[in-house]
Protein chains: 4
Amino acid sequence: MTAQEVNAFLAEVYPQLNDAMSGYSVVDVVPGGCTVRLDATEAHLRPGGTVSGPSLFTLADIGGYACVLSHTGPEALSVTTNLNINFMRKALAGPIDGLCRILKFGRSLVVFDVEMRTCSDGLTVAHATGTYSIPPGQPSNA
Amino acid sequence: MTAQEVNAFLAEVYPQLNDAMSGYSVVDVVPGGCTVRLDATEAHLRPGGTVSGPSLFTLADIGGYACVLSHTGPEALSVTTNLNINFMRKALAGPIDGLCRILKFGRSLVVFDVEMRTCSDGLTVAHATGTYSIPPGQPSNA
Amino acid sequence: MTAQEVNAFLAEVYPQLNDAMSGYSVVDVVPGGCTVRLDATEAHLRPGGTVSGPSLFTLADIGGYACVLSHTGPEALSVTTNLNINFMRKALAGPIDGLCRILKFGRSLVVFDVEMRTCSDGLTVAHATGTYSIPPGQPSNA
Amino acid sequence: MTAQEVNAFLAEVYPQLNDAMSGYSVVDVVPGGCTVRLDATEAHLRPGGTVSGPSLFTLADIGGYACVLSHTGPEALSVTTNLNINFMRKALAGPIDGLCRILKFGRSLVVFDVEMRTCSDGLTVAHATGTYSIPPGQPSNA
């Protein structure tokens, strides 16, 4: 699936995503990974005026989900089993890119990491590693 | 600070929390920990009709923040540096309690864990461990 | 399997464990968990004279393995897929107990946590959360 | 510090490292990171004949430590506060490289990740993210 197809699919099966906390999209899909973006506004800030942890977690989680979707086809039922995130620098409102790499694409588990950088200056603000579980009987490329 | 005081403080300094994804509150504060609650509605669901990862991450993150606030006083500037979460069972809409324990309350780092259970049946749906960093010069009880 | 049976099994299938870094054993098995112990000596210390991170990681990993073994029977092939560990206090040489709880015992994944405490004063020195994967076709109680 | 200087320093302050589980060394130091190596032998194997989790954890931990040492000078007292590791593929005995990147070099916390690849075929067998804490009053380049 292309970035556009993943976005259309997410809008259909996961309307909550951009109903409540809008601003998330897939901007690029490449073999072995993808790039997701958060256009952080006032709604994504926490005390101190910086982008909140839940907003960046959501970006990382969508990144992993987009990796699975774009590399298996429209399959909405895979679920996150683990996600570890480190917050490294404060990020002001504005676009933040999540560069996602698939570290392992197994039969039942997909392991990925996501480096989150502010588009304005390219600084890494957070880094996450996670695992998606693909239920048995789903299409998979590995 | 009591649960009520923490809720009032959060409403003041972190309006985004319940603007976008409402339903979070502190229900109890005890020495060495606290309990936070998510009243999960349709807005918190992901594909498959179960409570989303970002919703549970937010619950865990608020739990750690409430631990810091309730044990140091109204200090809004502490930040999450790391959070690791495991998702174990699907949870339907309804109240979910996050039972938070402070594992370490150091001068600059607070380590906590949160066990998240559906109130209807008491099953553990997710578990998180995290670290908050308290900036130098803040009040602290350790 | 009892603690004694797990120790005998580990000695047989995992001789490296106590060849290189001796001092690890299972001291108790209960429904839903177990207790493992490290008798930390000079060999387990790192710079600064405190018990090393790898020694405590090993204790946590054995704790998860003992949870799987004691609740499924002698099955050596399950593997760790993820382990997250927080180090909270320095521990001097001496016995350290790892109190392990099974958070989820699924068909293919077992999630557990381990609280590591020095036996001398009961202080928590480290906390870990991990996942073991049980290959298909293995006996399992869930 | 160069790779050679870090190795000499480790041999002096951390003799336990290669006493018990030999085979660890720093093979390269570059700005913003370093490469560490484990020459995995029979002693590093777990049941199933593959390199054990504790052996790979140790490689990742040394990688973070070497990042701190090589970028601050001979300072033995920094400590790991958190390490999260994902195991992705089984690795047979033989050399495994840990490619370490410094994600953040703060005043008190250093965040790094380590990709571990078997030298024989370049496959990623494990990935870790961790944090070292540098005590106040230490030299630091950030």
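The values are calculated or read from the model by the stated rules, or taken from the named source; none is laboratory data. Predicted, not measured: the structure shown is a model, and the values here were computed from it. No Cβ is skipped: glycine too gets one built from the backbone with ideal geometry, and neighbour counts run over all protein chains shown. Surface areas here come from the heavy atoms of the whole protein model, side chains and all, with no ligands, DNA or RNA. Shrake-Rupley method; radii C 1.70, N 1.55, O 1.52, S 1.80 Å.
A few comments on the model shown:
- Here residue C:136 does not qualify as within 14 Å of chain D (Cβ to nearest Cβ) and open to solvent by 10 Å² or more (accessible area, probe 1.4 Å).
- Any hit, segment C:66-84, residues being surrounded by 19 or more Cβ atoms within 10 Å (Cβ to Cβ), touching a helix residue (DSSP H, G or I) at 6+ places or on another chain (Cβ under 6 Å) and within 10 Å of chain D (Cβ to nearest Cβ): yes
- Of B:99, B:59, all but one fail to be within 29 Å of residue C:114 (Cβ to Cβ), at pLDDT 90 or above and surrounded by fewer than 19 Cβ atoms within 10 Å (Cβ to Cβ); the exception is B:99.
- One residue stands out in segment C:90-104 among those that are at the interface with another protein chain (Cβ under 10 Å from one of its Cβ atoms), part of a strand (DSSP E or B) and of a type outside the set (A, V, I, L, M): the one that is farthest from residue A:81 (Cα to Cα), namely C:101.
- Subset of segment B:120-133 (residues that are among the aromatic types (Phe, Trp, Tyr) and either within 9 Å of chain C (Cβ to nearest Cβ) or farther than 17 Å from residue B:32 by Cα (or both)): none
- Considering only residues in segment B:105-119 that are of a type in the set (Val, Ile, Thr) and crowded, with 24+ Cβ neighbours inside 10 Å, the one that is nearest to the other protein chains (Cβ to nearest Cβ) turns out to be B:111.
- For segment D:73-87, the set of residues classified as aliphatic (A, V, I, L, M) and either outside any loop (DSSP other than H, G, I, E, B) or at pLDDT 95 or above (or both) consists of D:79, D:83, D:85, listed by residue number.
- Within segment B:19-31, considering residues that are within 30 Å of residue B:106 (Cβ to Cβ) and open to solvent by 30 Å² or more (accessible area, probe 1.4 Å), the one farthest from the chain's Cα centre (by Cα): B:31
- In the set (1) closer than 25 Å to residue C:112 by Cβ; (2) among the small types (Gly, Ala, Ser); (3) without any contact (Cβ under 8 Å) to a residue 24 or more places away in the chain; (4) open to solvent by 10 Å² or more (accessible area, probe 1.4 Å), the condition left unmet by residue B:43 is number (1).
- Residue D:50 vs. criteria touching a residue at least 40 places away in the same chain (Cβ under 8 Å), facing chain C (nearest Cβ under 9 Å) and either in contact with a strand residue (DSSP E or B) (Cβ under 9 Å, 6 or more places away or on another chain) or of a type outside the set (A, V, I, L, M) (or both): yes
- Checking each residue in segment D:39-72 for being part of a strand (DSSP E or B), closer than 23 Å to residue C:64 by Cα and either within 8 Å of the chain's Cα centre (by Cα) or among the charged types (D, E, K, R) (or both) picks out only D:46.
- Of note, residue A:111 does not satisfy the criterion of being at negative phi, modelled with pLDDT of 95 or more, in contact with a helix residue (DSSP H, G or I) (Cβ under 6 Å, 6 or more places away or on another chain) and part of a strand (DSSP E or B).
- Test result for residue D:34, open to solvent by less than 30 Å² (accessible area, probe 1.4 Å) and in a helix (DSSP H, G or I): no
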